[in-house]
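The values are calculated or read from the model by the stated rules, or taken from the named source; none is laboratory data. Given the structure is predicted, the values throughout are model-derived calculations rather than measurements. Backbone-built Cβ (ideal geometry, glycine too); neighbour counts: all protein chains shown.
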């Protein structure tokens, strides 16, 4: 176990680790060409490959991997540089997201940069991480919420299932080797190789933001899809502070918890955002099924939270469907992300209150359709947990040690507190060790300060996480929107978009304490809301060739 570099701390495991250059050797340029037909975009796109080392810690190895890249060219003349994007996960291929959202992303970054994304290690075709080799293993570990520490049956079952799954990944020689090479530190090094390969000024321009929850092959599994792009960005800033040009982190995961703790903060705002959804719903009775109940938002909120709690012991039955706790919170959490889903969410809650099976089913179908995932790229692997678990440093094989963690996470939210526990059960028992793990803190002064963004209420990455990150990176500024939902796209704001433009185009940060207003009430947000605002940003709407939400 060796540590390197005065500005950050890294752990190298296995073999002989050589010190890494703080400014890696310049890569050969990327050769760009046409993309395959799977990528649909409103703007012209190009695709390319970049060869990078497989194992950065093994200086004697000549093995390499190919990173698959996608580029959207600058719209306004010669580019000022390239902005790299990652849309979260972990476990997601990101090229398809950049392609689909190209017009909006060019608009909010000013249109003066090339936009580039790549499929990170462990995903799609890039050192794909997969432990499963058969149908039996597919059902061995299907993560679901355990009970609290006194619910011995559920907790014991989930713990044992996680143990078996961790063993499966470790005992499979291929996944054990691949799994050691997909940690965030190596993904950051890949990203800096891209910065070198585009042959500009050697500095990183980066937008780490959010996407939908993980595209796991298990659609009902409780795998937490975090804003992993912010972990990549924060880690890059800590590892290479002198190479940061302009870095935006949106929908911020607390990086200290990501590496050194369990995710206690993530569900902290969920209960409050449900209350705000009900308040906004009653203000638009024509779009709110709950308005007919002649009840206050506060009473509806308490009734719904009690229903969720009671469903642990007494699942709600509507005709032929039993809505148990797992089903309810699995549907609820992603529905909290985006105001476009909230009219359907209100209909679903109302149907549960009235025990109306038909309306409940219709509401769920509507929520699912609105959240539709545009393609299955990157779904058939185990990267969602492999990447998160390889980064996680606290590990134990003793369930008794972990019981207080279960209670603390569950207690962080009455509504969805149990949602993310399953992945923590797995990660704490993970046996594969990363070839490199970042173990330092994030109290860093970067060459240029970071821009941190958060909505006032975010069900997955609360404002407090963004505040924590902003306080650690010296000179960074927190831009807050009065919006609700997960990430800047969900609740449109011209103020936010103009701040992003000014930061990337001019390097100018908002004044500390800036709080932006939104341009739509929550129940008035539609999939064309951003198109309505684009002319005020100096851009025109472009016909979308995809039905995916701006989520």
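Hand me the list of helices (runs of 4 or more DSSP H) wholly inside segment 307-376 holding 3 or more residues that are over 19 Å from residue 486 (Cα atoms) and modelled with pLDDT of 95 or more. Give the derivation first.
Values: elements: 325-335, 342-354, 357-370.
Helices (runs of 4 or more DSSP H) meeting the threshold: 342-354, 357-370.
Restricting to segment 227-259, count the residues that are touching a strand residue (DSSP E or B) at 6+ places or on another chain (Cβ under 7 Å), assigned to a helix (DSSP H, G or I) and under 16 Å from residue 94 (Cα atoms).
Number satisfying all stated conditions: 5.
Looking only at segment 433-472, count how many residues are surrounded by fewer than 24 Cβ atoms within 10 Å (Cβ to Cβ) and either on the phi > 0 side of the Ramachandran plot or out of contact with any strand residue (DSSP E or B) (no Cβ under 8 Å at 6 or more places or on another chain) (or both).
Count: 7.
Got a number for residues in segment 69-91 being surrounded by 18 or more Cβ atoms within 10 Å (Cβ to Cβ) and either assigned to a strand (DSSP E or B) or at positive phi (or both)?
Summing the residues that are surrounded by 18 or more Cβ atoms within 10 Å (Cβ to Cβ) and either assigned to a strand (DSSP E or B) or at positive phi (or both) in segment 69-91 gives 13.
Name the residue, out of 491, 486, that is part of a loop (DSSP other than H, G, I, E, B), touching a strand residue (DSSP E or B) at 6+ places or on another chain (Cβ under 6 Å) and modelled with pLDDT of 95 or more.
On the way: 486 fails: touching a strand residue (DSSP E or B) at 6+ places or on another chain (Cβ under 6 Å).
Step by step, each of 491, 486 is checked, and only 491 is part of a loop (DSSP other than H, G, I, E, B), touching a strand residue (DSSP E or B) at 6+ places or on another chain (Cβ under 6 Å) and modelled with pLDDT of 95 or more.
Only one of 517, 502 is modelled with pLDDT of 95 or more, under 29 Å from residue 286 (Cα atoms) and surrounded by fewer than 17 Cβ atoms within 10 Å (Cβ to Cβ). Can you tell me which?
Details: 502 fails: under 29 Å from residue 286 (Cα atoms).
Only one candidate passes the filter, namely 517.
Within segment 127-138, is even one residue part of a strand (DSSP E or B) and modelled with pLDDT under 90?
The answer is no, given that none of the residues of segment 127-138 is part of a strand (DSSP E or B) and modelled with pLDDT under 90.
Select from segment 267-284 the residues that are surrounded by fewer than 17 Cβ atoms within 10 Å (Cβ to Cβ), over 29 Å from the mean Cα position of the chain (by Cα) and in a helix (DSSP H, G or I) and list them in ascending order.
283
Go through segment 533-543 and count every residue that is out of contact with any helix residue (DSSP H, G or I) (no Cβ under 8 Å at 6 or more places or on another chain) and either under 23 Å from residue 276 (Cβ atoms) or at pLDDT below 85 (or both).
1
Is there a residue being closer than 29 Å to residue 461 by Cβ, in a helix (DSSP H, G or I), within 28 Å of the chain's Cα centre (by Cα) and without any contact (Cβ under 8 Å) to a residue 40 or more places away in the chain anywhere in segment 285-301?
Our first condition is that a residue be closer than 29 Å to residue 461 by Cβ; within segment 285-301, this holds for 287-290, 296-301.
Right, trim to in a helix (DSSP H, G or I) and you get 287, 289-290, 297-301.
Remaining after also requiring within 28 Å of the chain's Cα centre (by Cα): 301.
Going one step further and asking which of them are without any contact (Cβ under 8 Å) to a residue 40 or more places away in the chain, we end up with 301.
The answer is yes, given that some residue of segment 285-301 is closer than 29 Å to residue 461 by Cβ, in a helix (DSSP H, G or I), within 28 Å of the chain's Cα centre (by Cα) and without any contact (Cβ under 8 Å) to a residue 40 or more places away in the chain.
Among the residues of segment 393-414, which ones are part of a loop (DSSP other than H, G, I, E, B) and surrounded by fewer than 24 Cβ atoms within 10 Å (Cβ to Cβ)? Lay out the reasoning, then the answer.
Step one: list which residues in segment 393-414 are part of a loop (DSSP other than H, G, I, E, B), which gives 393-398, 411-414.
393, 394, 395, 396, 397, 398, 411, 412, 414, listed by residue number.
Can you tell me which residue is nearest to residue 480 (Cα to Cα) among those in segment 515-532 that are touching a helix residue (DSSP H, G or I) at 6+ places or on another chain (Cβ under 7 Å) and in a loop (DSSP other than H, G, I, E, B)?
Within segment 515-532, the subset touching a helix residue (DSSP H, G or I) at 6+ places or on another chain (Cβ under 7 Å) is 516-517, 519-523, 525-527, 530.
Cutting the leftovers down to in a loop (DSSP other than H, G, I, E, B) gives us 517, 519-521, 525-527.
Numbers: 517: 9, 519: 14, 520: 16, 521: 17, 525: 19, 526: 22, 527: 22 Å.
Within segment 515-532, the match that is nearest to residue 480 (Cα to Cα) is 517.
Between 510, 522, which is within 25 Å of residue 80 (Cα to Cα), crowded, with 17+ Cβ neighbours inside 10 Å and in contact with a strand residue (DSSP E or B) (Cβ under 7 Å, 6 or more places away or on another chain)?
Sole residue among the options that is within 25 Å of residue 80 (Cα to Cα), crowded, with 17+ Cβ neighbours inside 10 Å and in contact with a strand residue (DSSP E or B) (Cβ under 7 Å, 6 or more places away or on another chain): 510.
Taking residue 117 as the residue in question, decide whether it is part of a strand (DSSP E or B) and within 17 Å of the chain's Cα centre (by Cα).
yes
Could you list, in sequence order, all residues of segment 178-204 that are part of a loop (DSSP other than H, G, I, E, B) and either free of Cβ contacts under 8 Å to residues at least 40 places away in the same chain or at negative phi (or both)?
Of segment 178-204, the ones part of a loop (DSSP other than H, G, I, E, B) are 180-183, 198-203.
Passing the criteria: 180, 181, 182, 183, 198, 200, 201, 203.
So, residue 440, is that one at pLDDT below 95, part of a loop (DSSP other than H, G, I, E, B), farther than 30 Å from residue 100 by Cβ and within 23 Å of the chain's Cα centre (by Cα) or not?
On the way: at pLDDT below 95: yes; part of a loop (DSSP other than H, G, I, E, B): yes; farther than 30 Å from residue 100 by Cβ: yes; within 23 Å of the chain's Cα centre (by Cα): yes.
Yes, satisfied.
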